[in-house]
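Have a look at the structure below, then the notes.
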Amino acid sequence: METKKTREFKDIAKDTMKEIKENVWPKTRKELENVLKSTKGMIDKGEQYLKNVSEKGAQQTEKLALSLKREKLYYDLGKLVSRTPKTKWKSNQKITSAITSIKNLTKEIKKIK
């Protein structure tokens, strides 16, 4: 059974929903669209930041790998020099090759900076 109060409540509820639909929803919709646009912008900025960080990380990793190769060459050069008489340092192919490799690696490391 529907009473007079129940009917009045339903009418008030319909009026309230109609008012919300006409007045509140357009403003809310615009705000949601603005939030969506700003969220997309933030996502794009985040992607760009991650890309930059990844590129810098890759460069630093490559630089570290080249530095380690150079350190190994210095170690090998030291062993060669310690076993070779001083008079034969300039004519020894292994020593000159190691020095050339060290110079090339140094140039590559400087390019990465």
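So the values come out like this:
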{"quantity": "Tally of residues being part of a helix (DSSP H, G or I), modelled with pLDDT under 90 and within 30 Å of Lys56 (Cβ to Cβ) across region 83-113", "calculated": "1"}
{"quantity": "Filtered residues of region 23-36 (kept if surrounded by 10 or more Cβ atoms within 10 Å (Cβ to Cβ) and either of a type in the set (Lys, Arg) or not in a helix (DSSP H, G or I) (or both))", "calculated": "Arg29, Lys30"}
{"quantity": "In region 46-75, the residues that are farther than 17 Å from Lys103 by Cα and hydrophobic (A, V, I, L, M, F, W, C)", "calculated": "Leu50, Val53, Ala58"}
{"quantity": "Among residues of region 2-22, those that are surrounded by 10 or more Cβ atoms within 10 Å (Cβ to Cβ) and under 47 Å from the mean Cα position of the chain (by Cα), counted", "calculated": "2"}
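The values are calculated or read from the model by the stated rules, or taken from the named source; none is laboratory data. Source: prediction; values computed, not measured. Neighbour counts are summed over all protein chains in view; Cβ atoms, including those assigned to glycine, are modelled from backbone coordinates with ideal geometry.
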